[in-house]
Amino acid sequence: MNRIPDLKTLFSSLINAPSISASEPELDMSNHSVIALLNDWFSTLGFQCEISKVSVTGDKQNLVAKIGFGEGGILLAGHTDTVPFDEGRWSQDPFTLTEKDNRWYGLGSCDMKGFFALVLEAVKDLPLDKLKKPVYVFASADEETTMEGAKVFAASTEIRPDYAIIGEPTGLRPVYMHKGHLAQGIRITGRSGHSSDPARGLNAIEIMHKVIGQLLKLKQHLADNYREDAFSVPYPTMNFGHIHGGDAANRICGCCDLHLDIRPLPGMSLDDLELMLLNYLGDISREHPGSVEIRTLYPGSEAFAGIKDSAWTALVESLSGQQAEVVNYATEAPYINSLGCQTLVLGPGSINQAHQPDEYLAMDQLKPTVELLKQLIYKACIQ
């Protein structure tokens, strides 16, 4: 068997390869270095690797690695990018693996480049020559911003695995359902002027006041008419996260911006939510033609609903020793799930570490993750 580096070296190499995704161009980075590492390592183990460009992201790349033949099998999926880091708030270099207090610190250790290192550690000791069904590994681009890597993959691939595991940090608890995410911006364009003569202007803040009134009605409508009791917050939420308008007390406000987010339940499409927004703000738009602009702040993600009572979920619960649960954050699961596989989100580490300074993965998660992955691959593809 060809050799690949030990687990700590795998982790260290991945963390040492910056791959930040950001909506700000000055912070955004390529993921080529991470893809190149994964391509080399999985190829060394006998996987057939295919790298594809995700054109919507510029020049970022997806990787699919496959070993074995036949139909079905298992897909192990994760993203190659990280969020930006808070300059000055890290206690050590975010791009250097630091071992301290039985933790491995580094940007992407938990969320979630480290998952690929654990997959490699698991598969290198398996009897891959005895596979009855294929094992796939999917490494995506831009999950932290647009999710375009997963969207493009799901829309173009011919892969149809039986099962999928997405290695986001869940503390090795299987997640079978989560909410979606829609981020919208509303801009009111009025006419500025001197505050002593209100009739000569059009106050954008006053129009935004009407808009917020309608949005609060929509917020209540969502809470009253949609419900999934499995969630700790069992209804769709709406949050007003940012508002800005005007520049002086003695000027009529000419422009006002509001940013909001909606977290839909499974079964609620983003397109339907956008249509609801348009309908609730329709009267105001007609009253003030050309003054109300609704736009998507960044690409949203659909909600995800897997199968709680399936044999696969029961098996993963049994092997992990954890009951399947639901979460409120979003992942690539709805796009992977569209391949027709039974999909669960499950990986090492805590979501509380994700997007935080001094991100880490507790070392006591390493061996259990490797052993669990081995068992899942064995059950899905060898047994």
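The values are calculated or read from the model by the stated rules, or taken from the named source; none is laboratory data. No experiment lies behind these values; they were computed from the predicted model shown. Note that we place each Cβ from the backbone using ideal geometry, even for glycine, and neighbour counts take in every protein chain shown. Quick note on the areas: whole protein, heavy atoms, side chains included, nothing else; ligands and nucleic acids left out. Shrake-Rupley method; radii C 1.70, N 1.55, O 1.52, S 1.80 Å.
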- Item | Identity of the residue in the range 352-372, of a type in the set (A, V, I, L, M) and not in a helix (DSSP H, G or I), that ends up farthest from the chain's Cα centre (by Cα) | A362
- Top-ranked residue of the range 131-168 - restricted to ones that are part of a loop (DSSP other than H, G, I, E, B) and among the β-branched types (V, I, T), ranked as nearest to E302 (Cα to Cα): T146
- Query: Any idea which of K53, K8, K113, K66 is among the charged types (D, E, K, R) and farther than 26 Å from L376 by Cα?
  - Reply: K53
- Please name all residue pairs, on different chains or six or more residues apart, with Cβ atoms under 6 Å, provided the first residue is in the range 200-219 and is free of Cβ contacts under 8 Å to residues at least 60 places away in the same chain and the second residue is aromatic (F, W, Y). none
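Can you tell me which residues in the range 59-94 are more than 19 Å from the chain's Cα centre (by Cα) and open to solvent by 40 Å² or more (accessible area, probe 1.4 Å)? Quick ask: steps written out before the conclusion?
Keep residues of the range 59-94 that are more than 19 Å from the chain's Cα centre (by Cα), which gives 59, 65-74, 86-94.
Listed by number, the residues that qualify are D59, K66, F69, G70, E71, D86, E87, G88, R89, S91, D93.
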- Among the residues of the range 83-130, the number that are small (G, A, S) and in a loop (DSSP other than H, G, I, E, B) is 5
- Item | Residue ID - nearest to G108 (Cα to Cα), chosen from residues in the range 46-81 that are of a type in the set (G, A, S) and in a loop (DSSP other than H, G, I, E, B) | G58
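Yes or no, residue by residue, for (1) within 20 Å of G180 (Cα to Cα); (2) assigned to a strand (DSSP E or B):
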| site | (1), (2) |
| --- | --- |
| N239 | yes, yes |
| P299 | yes, yes |
| V316 | no, no |
| P334 | yes, no |
- Check L265, L260 and return the single one that is assigned to a loop (DSSP other than H, G, I, E, B) and touching a Phe, Trp or Tyr at 6+ places or on another chain (Cβ under 6 Å). L265
- Message: Being of a type in the set (A, V, I, L, M, F, W, C), under 21 Å from K219 (Cα atoms) and either touching a helix residue (DSSP H, G or I) at 6+ places or on another chain (Cβ under 8 Å) or in contact (Cβ under 8 Å) with a residue 60 or more places away in the chain (or both) is true for just one of A333, A303. Which residue is that?
- Response: A303
- Test: L273 is outside any loop (DSSP other than H, G, I, E, B), touching a residue at least 24 places away in the same chain (Cβ under 8 Å) and buried (at least 18 other Cβ atoms within 10 Å of the Cβ): yes
- Message: For the range 319-332: of the residues being of a type in the set (S, T, Y) and in a loop (DSSP other than H, G, I, E, B), which is farthest from L373 (Cα to Cα)?
- Response: Y329
- Task: Could you look through the range 222-233, keep only residues that are part of a helix (DSSP H, G or I) and farther than 18 Å from L258 by Cβ, and pick out the one that is nearest to the chain's Cα centre (by Cα)?
- Result: A223
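Looking at this structure, is G171 at pLDDT 95 or above, within 21 Å of L7 (Cα to Cα), in contact with a helix residue (DSSP H, G or I) (Cβ under 9 Å, 6 or more places away or on another chain) and open to solvent by 10 Å² or more (accessible area, probe 1.4 Å)? Show your work before the answer.
Numbers: at pLDDT 95 or above: yes; within 21 Å of L7 (Cα to Cα): yes; in contact with a helix residue (DSSP H, G or I) (Cβ under 9 Å, 6 or more places away or on another chain): yes; open to solvent by 10 Å² or more (accessible area, probe 1.4 Å): yes.
Judged against the criteria, G171 is a match.
Taking the stated definitions as given, is D28 out of contact with any Asp or Glu (no Cβ under 6 Å at 6 or more places or on another chain) and farther than 27 Å from A164 by Cβ?
yes
Which is under 10 Å from P174 (Cβ atoms), touching a His at 6+ places or on another chain (Cβ under 9 Å) and modelled with pLDDT of 95 or more, of V316, V345, V326?
None of the others qualify; the one that does is V345.
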- Is it the case that some residue within the range 233-256 is at pLDDT 95 or above, surrounded by fewer than 16 Cβ atoms within 10 Å (Cβ to Cβ) and within 29 Å of C341 (Cβ to Cβ)? yes
